[in-house]
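Trainee: Input: one structure, supplied below.
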């Protein structure tokens with residue numbers, strides 16, 4: 001059996017995620033040798049955050065050129081359409097998808113005084129924070145997790161908002177002050193989930209990855225990404241979505257589309273059988289567009 005090369009970004013979080021995946025793969029396939037290869041992406045080199053696929057394109061190119069056999073991505077970084085010749089082979093069990101608040105003094109977002117400065121790298125988070133608290137100032141906060149935590153510690157911000165999953169995977173759960181309620185702030189489609197991507201036709205790599213596949217997580221993110229794709233908004237638009245799968249097989253999906261300043265938004269939900277996850281996401285997108293979403297998207301573009 002050939003050595004399986006697993007490709008990832010070189011950030012601390014990306015490496016932690018990939019090591020977790022490789023450890024699980026080794027447990028299931030102890031006879032297989034796995035090697036991790038780090039790949040520098042445009043996003044790691046300072047590309048504009050307004051570009052799509054800045055954290056995945058170079059990894060996908062390495063996959064297509066057979067430099068690696070499996071790519072490990074944060075699923076929310078992936079465009080909703082895979083490049084020709086590639087496919088998502090597996091979505092492992094999802095980590096907590098919620099956003100979290102970390103405060104300098106205040107320990108809850110609602111406890112911040114008017115005019116307090118909140119840092120985030122996400123237009124989605126910014127829009128939802130301003131919709132909830134228009135009296136706050138939201139400023140860009142970029143860099144890796146350590147850089148963002150340092151910015152909070154230096155006093156540049158009164159609070160910052162990050163993804164729970166990243167902090168948990170880096171064993172920094174103790175830094176979280178508040179898990180933000182999705183009833184108020186919906187996460188990005190696919191947040192907290194990983195995607196294992198392979199070349200089409202590479203049956204061995206696909207079989208290896210499928211051992212980690214978690215169907216409920218897959219159906220959830222499939223619905224969320226279909227909602228995003230149905231809006232035609234791209235992964236950088238102020239769009240939030242979160243799906244849940246009930247024990248009886250019912251999938252419930254909530255989605256929101258906002259103006260960048262948070263002053264306008266459309267939030268809706270839908271439910272149906274889990275087998276129709278993608279159709280439910282597309283149906284919810286059509287509903288949001290018909291309620292005024294087209295006008296919001298026209299402001300964004």
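Bear in mind these aren't lab numbers, they're just calculated from the coordinates by the rules spelled out. All values derive from a computational prediction rather than experimental measurement. As a convention, Cβ positions derive from the backbone with ideal geometry for all residues, glycine included, and neighbour counts pool all protein chains shown.
Trainee: Can you grab the distance from the C-alpha centre of the range 165-226 to the C-alpha centre of the range 255-282, Å, no decimals?
Mentor: After rounding, the separation between the Cα centres reads 18 Å.
Trainee: For the chain, what is the largest minus smallest coordinate of the Cα atoms on each principal axis, given in angstrom and ordered from greatest to least?
Mentor: 61, 45, 37
Trainee: Angle check, please: helix 277-288 long axis (alpha carbons) against the longest principal axis of the chain (alpha carbons), in degrees 0 to 90, nearest 10.
Mentor: Its long axis makes an angle of about 30 degrees.
Trainee: Another question, then. How far is helix 123-132 tilted off the main Cα axis of the chain, in degrees rounded to 10, range 0 to 90?
Mentor: Rounded to the nearest ten degrees, it is 30.
Trainee: So how do 104, 26 line up by other beta-carbon neighbours within 10 Å, fewest first?
Mentor: If I rank by nearby Cβ atoms, fewest first, I get 26, 104.
Trainee: Continuing with the same structure: What does DSSP give for the range 99-179 in terms of the percent of beta bridges that are antiparallel, rounded to the nearest 5?
Mentor: Values: 7 of 13 bridges.
Beta bridges within the range 99-179, antiparallel portion: roughly 55 percent.
Trainee: Identify which of 125, 229, 108 has the largest mean-square fluctuation in a Gaussian network model of the chain, with springs joining Cα atoms closer than 10 Å.
Mentor: Between 125, 229, 108, it is 108 that shows the largest mean-square fluctuation.
Trainee: To continue, here is another question. For the chain, modelled as a GNM with alpha-carbon contacts under 10 angstrom, which of 215, 187, 92 fluctuates the most?
Mentor: Greatest mean-square fluctuation among the candidates belongs to 215.
Trainee: Taking 4 °C and 1.567 mPa s as the conditions, I'd like the Stokes-Einstein D for the range 1-155 in µm²/s, using the Kirkwood hydrodynamic radius from alpha carbon pairs.
Mentor: Values: Rh = 17.9 Å.
Approximately 72 µm²/s, per Stokes-Einstein.
Trainee: Compute the long axis of helix 12-28 from its Cα atoms, compare it with the longest principal axis of the Cα atoms of the chain, and write down the angle in degrees, 0 to 90, nearest 10.
Mentor: Roughly 40 degrees, rounded to the nearest 10.
Trainee: If you wrap a convex hull around the Cα atoms of the range 186-301, how much volume per residue is inside, in Å³? Walk me through the intermediate numbers first.
Mentor: Working: hull volume 12.9 nm³, N = 116.
Taking the convex hull of the Cα positions in the range 186-301, it is 111 Å³ per residue.
Trainee: Which residue fluctuates most in the GNM of the chain (Cα springs below 10 Å): 87, 76, 126?
Mentor: Maximum fluctuation in the GNM of the chain, among the listed residues, is at 87.
Trainee: Label point 7 Å out from residue 298 along Cα-to-Cβ: which residues of the range 249-266 have amide N under 17 Å?
Mentor: Once the point is set 7 Å along Cα→Cβ of residue 298, 258-260, 264-266 turn out to lie under 17 Å by backbone N, inside the range 249-266.
Trainee: To continue, here is another question. Over the chain, what relative contact order in percent results from Cα pairs under 8 Å that are six or more residues apart? Don't skip to the end; give the middle numbers.
Mentor: Values: 629 pairs, mean separation 60.7, N = 301.
Contact order relative to length: 20 percent.
Trainee: When a/c is below 1.5 the answer is rounded, else prolate if a/b is larger than b/c, else oblate, so apply that to the range 95-137 with a ≥ b ≥ c taken from the square roots of the Cα gyration tensor eigenvalues. Write down the numbers at each step before the final one.
Mentor: Working: a/c = 1.94, a/b = 1.24, b/c = 1.57.
Oblate shape, in that a/c is at least 1.5 and b/c is the bigger or equal ratio.
Trainee: I need the shape label for the range 121-280. Rule: rounded when a/c is under 1.5, else prolate if a/b > b/c, else oblate, with a, b, c from the alpha carbon gyration tensor. Show your work: numbers first, answer last.
Mentor: On the way: a/c = 2.05, a/b = 1.35, b/c = 1.51.
Cα axes put the range 121-280 in the oblate bin.
Trainee: Quickly estimate the mean residue ellipticity at 222 nm for the chain, helices only: each DSSP H run with n ≥ 4 gives -39500 (n - 2.57), and the total goes over all residues, rounded to 500. Please list the in-between numbers first.
Mentor: Working: 9 runs with 94 residues, N = 301.
That comes out to -9500 deg cm²/dmol.
Trainee: Right, next: Reported to two decimal places, what Rg/Rh ratio describes the range 99-179 when computed on Cα atoms with Rh from the Kirkwood expression? Before the final figure, lay out each step's value.
Mentor: Details: Rg = 11.4 Å, Rh = 12.4 Å.
Using Cα coordinates only, the ratio equals 0.92.
Trainee: Per residue, how big is the convex hull around the C-alpha atoms of the range 219-286? Give it to me in cubic angstrom, could you? Walk me through the intermediate numbers first.
Mentor: Numbers: hull volume 4.4 nm³, N = 68.
With only Cα atoms used, the range 219-286 gives 65 Å³ per residue.
Trainee: Determine the percent antiparallel among the DSSP beta bridges restricted to the chain, to the nearest 5.
Mentor: The antiparallel fraction comes to roughly 70 percent.
Trainee: Turning to a different aspect of this structure: Convex hull over the alpha-carbon atoms of the range 248-301: what's its volume per residue in Å³? Could the numbers behind the result be given before it?
Mentor: Values: hull volume 3.7 nm³, N = 54.
Taking the convex hull of the Cα positions in the range 248-301, it is 68 Å³ per residue.
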